[in-house]
Amino acid sequence: MALVDIESFQGRLASLRDATLADIAAASDPATLDEVGVRVLGRKGELRSLMGGIGSLPAAERPRVGALANPVREAIEAALAERGAVLGSAALDRRLAEEAQDVTLPGRMPWVGGLHPIRETEAEIARILGQFGFVVVESPEVETDELNFEALNIPPDHPARDLWDTIYVADPASTQQAPHAPRWLLRTHTSPGQIRAMRAASPPIRILTPGRCYRYEAVDASHGFEFFQVEGLMIDERTSMGTLRGLLDALAHALFGAGRPTRFRPGYYPFTEPSVAFDIQCVVCDGTGCPACGRSGWMTILGAGMVHPVVLANGGIDPERYQGFAFGMGTDRITMLRYAIGDIRAFLANDLRFLERSRP
Ligand code: DAH
């Protein structure tokens, strides 16, 4: 482009400046602003191409023309810088707002699990009786008829089997039931743990076998077909009903409060002789009589007795030399009494509102 004269050049410079300043003011983001800058001031930009004609001017006029262009360039550069600063800080502000973290919000508590109330009671019983030398051993839930019944002095067809509505299972090792193969069942109580302990160790023995038991029962607020027991067994050369009573009193007082009265009532179990029911004074009415204790003022929390000589012999222990006692309690029932839980089904319903109440 050849320059005709200085005035028209000046006019064109002014309109380039004005148009550019307007574009700069209108740019709404840094990228658009950059485009304006490159388009006007770049190496092949509009200002340069306007100045390209400077060579056709007489040499004496060139410096003047150059001097006219400089303020335009400077004005544009200043406007670009100023607008750039505004857009830059606006973009920053927007990002800051979008990516803001509210550090004043309280943190989210990590999820902490806890012991199931039944396991808590098992642990508490183990802790209390552990002080008397009892150790916890495991015993399987799938058991043989022999250990669940026969070795405990309950032969086939014995009427005492009616005490336990049993769930039998197929032989885990084969689908064929050989005539004399062991019959398998889900243990109806933790008492087979006694036989296993006697066969595994020699006296003195002080063990607890806690765990799940199963009975073919109609389920209601106080019966589950799946429930929990803790079995205890002590075998030694000098044990008595007195030792048993003292131990159970210590247990009851630790679980239900130091002053709580207890009593033995005569009971019947095939594997103990004599057998007793161990009662505590009702924890609901303190003995005055209420629906929870059948108006008797007492609640049975376990069965116990001196181990029957036949059971000792079945466990491989000489009944002439040793005797001992055993006891078995319902962990569900003890937990229900300790925490005033009204329905046994709550334990296995997996309702977190219930389970969380026993979290630490
Ligand atoms: N096994 C019995 C039951 O399930 C409870 C029991 C009673 C266990 C007397 C014992 C015992 O060890 O001596 O009903």
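The values are calculated or read from the model by the stated rules, or taken from the named source; none is laboratory data. Worth saying up front: this structure is predicted, and the values here are computed from it rather than measured. Here the Cβ positions follow ideal geometry from the backbone for every residue, glycine too, while neighbour counts run over all protein chains shown. Side chains included, ligands, DNA and RNA excluded: accessible areas come from the protein's heavy atoms. Shrake-Rupley method; radii C 1.70, N 1.55, O 1.52, S 1.80 Å.
Okay, residues lined up against (1) among the aromatic types (Phe, Trp, Tyr); (2) modelled with pLDDT under 95; (3) open to solvent by 20 Å² or more (accessible area, probe 1.4 Å):
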| position | (1), (2), (3) |
| --- | --- |
| 214 | yes, no, yes |
| 222 | no, yes, yes |
| 227 | yes, no, yes |
| 231 | no, no, no |
| 235 | no, no, no |
| 239 | no, no, no |
| 246 | no, no, yes |
| 249 | no, no, yes |
| 259 | no, yes, yes |
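Within the group 171, 102, which residue is surrounded by 10 or more Cβ atoms within 10 Å (Cβ to Cβ), of a type in the set (Asp, Glu) and more than 16 Å from the ligand (Cβ to nearest atom)?
Going through 171, 102 in turn, just one is surrounded by 10 or more Cβ atoms within 10 Å (Cβ to Cβ), of a type in the set (Asp, Glu) and more than 16 Å from the ligand (Cβ to nearest atom): 171.
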Please enumerate the residues belonging to region 185-212 that are within 14 Å of the ligand (Cβ to nearest atom), part of a helix (DSSP H, G or I) and not aliphatic (A, V, I, L, M).
192, 193, 194, 196
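Okay, residues lined up against (1) within 31 Å of the chain's Cα centre (by Cα); (2) open to solvent by less than 20 Å² (accessible area, probe 1.4 Å):
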{"position": "278", "(1), (2)": "no, yes"}
{"position": "301", "(1), (2)": "yes, yes"}
{"position": "307", "(1), (2)": "no, yes"}
{"position": "313", "(1), (2)": "no, no"}
{"position": "318", "(1), (2)": "no, no"}
{"position": "332", "(1), (2)": "yes, yes"}
{"position": "336", "(1), (2)": "yes, no"}
Those residues that are more than 22 Å from residue 238 (Cα to Cα) and in contact (Cβ under 8 Å) with a residue 12 or more places away in the chain, I need them from region 285-308; list them, please.
285, 287, 296, 297, 298, 299, 300, 301, 302
Does residue 96 satisfy being modelled with pLDDT under 90, open to solvent by 70 Å² or more (accessible area, probe 1.4 Å) and not basic (Lys, Arg)?
no
